[in-house]
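In what follows, a structure is listed as C-alpha cells, so that the remarks can point back to it.
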Amino acid sequence: MSTHNDRRSMTEALPRVEIIGKNGLRYYDLTNYWGHGVPQWPSSPNLNFRTLKFHAKDGMFVQQIEAIMHRSTHMDAPLHVTENGGTLTDYDTWRFFGTGVVVSIPKGKWGVITPADLEKATPRIERGDILIINTGSHHKLGDNDDYYAYSPGLYKEAAEWIVERGVKLVGVDVQALDHPLGTKLADHGPGPSHPHLNDEYKALTGRDILDDFPHWEPAHKIMMGAGIPGIENIGGDVDLVTGKRCTIMAFPWRWPQGEGCGVRVIAVIDPDQKFRIETGR
C-alpha cells in the first residue's frame, strides 16, 4: 500500500477488477481505499491508527482510530455545511440503491462541470437516476495539489440542474462536491487556507476568484438541501463502468448525529437479466 510520502498516485496500487458473482452479476467497486496513508483534505487533521491488541500477545487484533469522517470515498450530510441541517439518518433510504448512470465529463485544472455538460452526457441522465461523474481526476488521487487545490468540480448552476432533473444521489471523482475555489481553500468561510490560489487564478484569468466563485459551497447546500446525498472521492473501478447504465448502491452508517461517513460504492451489471429482487414471501 502506498504511504503518505509516496509520490505515486494512490490509484496505482489498486487493480482494476470486474468481479463475476455466482449469480452471473458483474460487480464493480467505485471506492478508493481507506486506511493508513490515505490522502488528507488540505488543512484537515491526520488519520491516526493505534494498535490496542495483537495476536502474538492477545490472541486478537484490535485497532483504535482517530479521524474525521471526511476521508477517501464518503457521503456528506447537510449538517456538514448547514447549521441545524439534516444528518445521515434524515436521508430517505430509497436514495441509496437503484438505477443509475456513470458519465464521462473530462475536466482539467479548475474546470467547471456545467449544466450543458450534464445535458449532453451519455447515457442520458434520467429523472430518478443515481448519477456518478467521472472527470478523470481520480487518477490523480494522492497527497498533491493537482487532486485537491487544482481539481475541477461542480458549482451552483450544475447543482441546480441536478435538483431540477430529479437525480436521487450524486457521486463525483473529485476532492469535494464543490469546486475547490468555492471552498475554504479560497476566501470562503474560515478560509483562505491557500491564499496563493487567488494570485494564481488572477494570473491565469485576469480575475479574482470571488468574481467567478462568489458562493461558499453552493453545490453542497443546494443538492443536499434538496435531500440528494452527495458522495466525494469516487474512484476504484469507475473507468470500467463509465458510459454505462448500472444498478448502483452506497449505504451510509445509521448514525443519527452523523454529518458524514465512509461508504462503499458498488455498481452492478446484470448481462443475462436473470437476477431478481425477492418478493418477501
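Quick look at the numbers
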| quantity | calculated |
| --- | --- |
| Residue in the range 82-98 that is outside any loop (DSSP other than H, G, I, E, B), within 16 Å of the chain's Cα centre (by Cα), without any contact (Cβ under 8 Å) to a residue 60 or more places away in the chain and closer than 23 Å to T247 by Cα present | no |
| Residue list for the range 224-271, restricted to those being among the small types (G, A, S), in a strand (DSSP E or B) and closer than 26 Å to V81 by Cα | G230, A250, G260, G262 |
| Condition check for D143: surrounded by fewer than 24 Cβ atoms within 10 Å (Cβ to Cβ), acidic (D, E) and at pLDDT below 95 | yes |
| Which numbered condition S193 misses (of (1) surrounded by fewer than 21 Cβ atoms within 10 Å (Cβ to Cβ); (2) in a loop (DSSP other than H, G, I, E, B); (3) without any contact (Cβ under 8 Å) to a residue 40 or more places away in the chain) | (3) |
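Results for (1) touching a Gly at 6+ places or on another chain (Cβ under 8 Å); (2) assigned to a loop (DSSP other than H, G, I, E, B); (3) of a type in the set (S, T, Y), shown as yes or no for each residue.
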{"residue": "K107", "(1), (2), (3)": "yes, yes, no"}
{"residue": "P123", "(1), (2), (3)": "yes, yes, no"}
{"residue": "E126", "(1), (2), (3)": "no, yes, no"}
{"residue": "I133", "(1), (2), (3)": "yes, no, no"}
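The values are calculated or read from the model by the stated rules, or taken from the named source; none is laboratory data. Note that this is a predicted model, so its numbers are computed, not measured. When we count neighbours, we look across all protein chains shown, and the Cβ atoms used for this are built from the backbone with ideal geometry, even at glycine.
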